[in-house]
Amino acid sequence: MADTAMPESADSADPVSSADPVGSRVPAGTADPVDSADPVGSAVVVPLAVPAPASAPETGSLGTVEGDSPLDRAVWRLRSRGCWDDAAALLEPHAVRHAPSALRRAALLVERCMFTAAGWAGAEDALRAAEALAGDDDERGGAACERGHLAYAATVLGVRDRADEARSALGRAAALLAPTAAGRPLLDFRRGLMAEHVADSPDAARAAYRRAHAGATAHGDTLLLSFTWRHLAGLALRDGELAEARHGFAESLRIREELGFLVGTAPALVALADAAPDADADRLRAEAARLFRLMGGVPTWLADHLSTGVTAT
């Protein structure tokens, strides 16, 4: 999933944002996977193969993925540990009148839904507030992208079938966001998720993931690259391309470890285990199980992919 719960790979459900290790705080809730995407309409397909072994993204050395102000660092530390409610609370005073802060707060709460399958009402309220404050096409497009992602999450997690709403919202985002907009790579990625997990169209998904990968590289969006690497690798694994799959999964794991994206590290370990030799796979799954317990059973959907008897709490 986005991560969403991918049938072929354990890391199909994933959020997207910044990172910096936090103290000992862990999330109180449970978690689940998710992300959205719809077969790509008129976007130009970039003839980009799954990237060959490459060096770490240059932005990995930045203080956080989202920014380097004290507020940015605090929000990232909480988010990277799965403490979405606490991170959103830090943004709440700014979100009352500031559209970008409102959208950022809504995105955190949407991500919480994807990892925990809970908190839907709070995410909906935050989205409505962000939509009301949006003042230009970028802000309206970003809000539509988050609404599409929330609807996708509800659909793939079996909460309620909102696939039509997801397609409509992501299509609206595509009409509002310029091809060069900073939010376009994330939109492409989520449309890839829809194509793969709702429309069952791996070719359309691959094209969308490749566009997202190229855009994330151009914009220096390191965390999004960890998602595009993994989902391209998942499609490679589905096609029996083990070497390509291992490389993509390994890149995704490396980026998340370097960023300190703890809540997304266990899924990355399990995804790599799916393409690793048996001896390595056992070690990777054991480490994933340890992190899963450390995070209090988040993401909850990962429990089904672990063979250690770990259950979500």
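The values are calculated or read from the model by the stated rules, or taken from the named source; none is laboratory data. The shown structure was predicted, so the numbers you read here are calculated from the model rather than taken from an experiment. When we count neighbours, we look across all protein chains shown, and the Cβ atoms used for this are built from the backbone with ideal geometry, even at glycine. These area figures cover heavy atoms from the full protein model, side chains too; ligands, DNA and RNA do not enter into them. Shrake-Rupley method; radii C 1.70, N 1.55, O 1.52, S 1.80 Å.
Run the dipole for the range 100-210 about the Cα centre, Lys and Arg Cβ at +1, Asp and Glu Cβ at -1, nothing else charged, and hand back the magnitude in debye, nearest 20.
So the dipole magnitude of the range 100-210 works out to roughly 140 debye.
How big is Rg to Rh over the range 119-159, alpha-carbon atoms, Rh as the Kirkwood inverse-mean-distance radius?
Here Rg/Rh amounts to 1.02.
Which distance in nm do the two modelled labels at S168 and H94 give, with both placed 7 Å along the Cα-to-Cβ direction?
If labels sit at S168 and H94, their model points lie 3.2 nm apart.
Carbon-plus-sulfur fraction of the accessible area of the range 175-313, 1.4 Å probe, in percent? All intermediate terms of the calculation are to be shown ahead of the outcome.
Working: 2440 of 4890 Å².
Roughly 50 percent, rounded to a whole number.
When ligands, DNA and RNA are left out and all protein chains stay put, how many square angstrom of accessible area per residue does the range 107-262 have with a 1.4 Å probe? Don't jump to the answer; show the numbers that get you there.
Values: 5280 Å² over 156 residues.
Result: 34 Å² per residue.
Within 10 Å, count the other beta carbons around each residue, average over each peptide in 188-195, 220-227, and list them highest first. List each step's numbers first, then the result.
Values: 188-195: 30.9, 220-227: 25.8.
By packing density, highest mean first, the sequence is 188-195, 220-227.
Any idea what log10 I(q)/I(0) is at q = 0.18, 0.22 Å⁻¹ for the range 149-274, Debye with uniform C-alpha scatterers and no solvent?
Those come out to -1.01, -1.34, one per q.
Give the span of the range 220-313's Cα atoms along each principal axis, as three whole-Å numbers ordered largest to smallest.
So the three principal-axis extents are 33, 32, 19 Å.
Is the range 242-291 best put as rounded, prolate or oblate by its Cα gyration tensor, with a ≥ b ≥ c the root eigenvalues, rounded for a/c under 1.5, and otherwise prolate when a/b is larger than b/c, oblate when not? Mind dumping the intermediate values first?
Values: a/c = 2.67, a/b = 1.20, b/c = 2.23.
Here the range 242-291 falls in the oblate category.
For A199 and A121, calculate 0.36 nm times their separation in residues minus their Cα-Cα distance, and state this gained length in nm to one decimal.
On the way: separation 78, 0.36 × 78 = 28.08 nm, distance 2.64 nm.
Computed gain between A199 and A121 is 25.4 nm.
Nearest 0.05, what FRET efficiency do A243 and T180 give at R0 = 30 Å with Cβ-Cβ as r? All intermediate terms of the calculation are to be shown ahead of the outcome.
Numbers: r = 33 Å, r/R0 = 1.12.
It comes out at approximately 0.35.
Where a ≥ b ≥ c are the square roots of the eigenvalues of the C-alpha gyration tensor, would you call the range 86-155 rounded, which needs a/c under 1.5, or, failing that, prolate if a/b is larger than b/c, or oblate? Present the calculation step by step, with values, prior to reporting the outcome.
On the way: a/c = 2.31, a/b = 1.26, b/c = 1.83.
It comes out oblate by the Cα gyration axes.
Measure off 7 Å from each Cα along the Cα-to-Cβ vector at D278 and L71, then give the distance between these two points in nanometres to one decimal.
Once both label points are built, they end up 5.5 nm from each other.
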